[in-house]
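Note sheet for the following structure.
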Amino acid sequence: MKYFIVGFMGCGKTTWSRKLAAKWGYAFIDLDHVLEAKAGMSIAEYFSSFGEDAFRKLESQVLKETEYAENTVVSTGGGLPCFFDNMDWMNANGKTLYIKLSPKTLADRLENSKTIRPVLQGKKGDELVEFITGKLAEREGFYLQASNIVEGIDMSVEKLEEALGV
C-alpha cells in the first residue's frame, strides 16, 4: 500500500512519514527531495527562478512520474494537494492522511523552523498567523478530501496508525 501524507507546511509530514515507514519497514519518499534532485536546485531557488506556476507543474509531474515501491510512505509538499488533480491522483493511487493543525500551532512551529520557506519570507507573529489562516482557508478544502484525517497535536505513530485504520 502507498500512503501519501498531506497537510500545511510545518505540520510534521516528513517527520511522521519517516517514522511510519521505519516502523512498518516500508520505503520512504520525500517528494520535495525528489523534486530538488530533478530540478538540480533547492525548492526556494526554483521558486524564485521560475515562479510558482512552473513549480506547481514540476511538483505535479514529480508526484505522478516517481516510481513508488508497493509499500511506501510519501511525504508531500504542503501545496501539492491543492493544484491540478493531485489530490484525486493520490486518493486513486493509495491512502491519503491529512495531518491537521491550527494556524497558531503551525505559526509557532514555522517561526522556530530552520527550513527556508519562500512564501513565509519576513512574516512573524500575528502576521504569520494571519497568513497561515488565509492559506489554510484556501487549501483546507483539498486537504479534507484525504481518505483519513488526524489531529496533529500529541502525535504518535500509534495515533497515525489508528487514523489510517492499520
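The values are calculated or read from the model by the stated rules, or taken from the named source; none is laboratory data. Because the structure is a prediction, the values reported are computed rather than measured. Heads up, the Cβs are rebuilt from the backbone with ideal geometry, glycines too, and the neighbour counts pull from every protein chain shown.
Tabulated results
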quantity	calculated
Given (1) out of contact with any Phe, Trp or Tyr (no Cβ under 9 Å at 6 or more places or on another chain); (2) farther than 19 Å from Ile132 by Cα; (3) among the hydroxyl-bearing types (Ser, Thr, Tyr), number of the condition Thr105 does not satisfy	(2)
Any chance Val73 is crowded, with 19+ Cβ neighbours inside 10 Å and more than 26 Å from Glu111 (Cα to Cα)	yes
Residue that is surrounded by the most Cβ atoms within 10 Å (Cβ to Cβ), among those in the range 117-131 that are in a helix (DSSP H, G or I) and within 18 Å of the chain's Cα centre (by Cα)	Leu120
Tally of residues being within 15 Å of Lys13 (Cβ to Cβ) and not in a helix (DSSP H, G or I) across the range 132-152	6
Among the candidates Ser156, Ser102, residue that is under 16 Å from the mean Cα position of the chain (by Cα), among the hydroxyl-bearing types (Ser, Thr, Tyr) and modelled with pLDDT of 95 or more	Ser102
Filter result for the condition that a residue is within 19 Å of Phe142 (Cα to Cα) and of a type in the set (Val, Ile, Thr), over Ile99, Ile29, Ile43	Ile99
Test: residue in the range 41-49 that is at positive phi and not charged (D, E, K, R)	no
From Phe55, Phe8, Phe47, Phe84, residue being among the aromatic types (Phe, Trp, Tyr), modelled with pLDDT under 95 and closer than 29 Å to Val129 by Cα	Phe47
Out of Gly25, Gly94, Gly40, Gly78, sole residue that is within 16 Å of Gln145 (Cα to Cα) and out of contact with any helix residue (DSSP H, G or I) (no Cβ under 8 Å at 6 or more places or on another chain)	Gly94
Neighbours by Cβ (under 9 Å, 6+ apart or cross-chain): first from the range 34-52, touching a residue at least 12 places away in the same chain (Cβ under 8 Å) and surrounded by 14 or more Cβ atoms within 10 Å (Cβ to Cβ); second part of a helix (DSSP H, G or I) and of a type in the set (Phe, Trp, Tyr)	Leu35/Tyr46; Leu35/Phe55; Ala39/Tyr46; Ala39/Phe50; Ala39/Phe55; Ile43/Phe55; Tyr46/Phe55; Phe47/Phe55
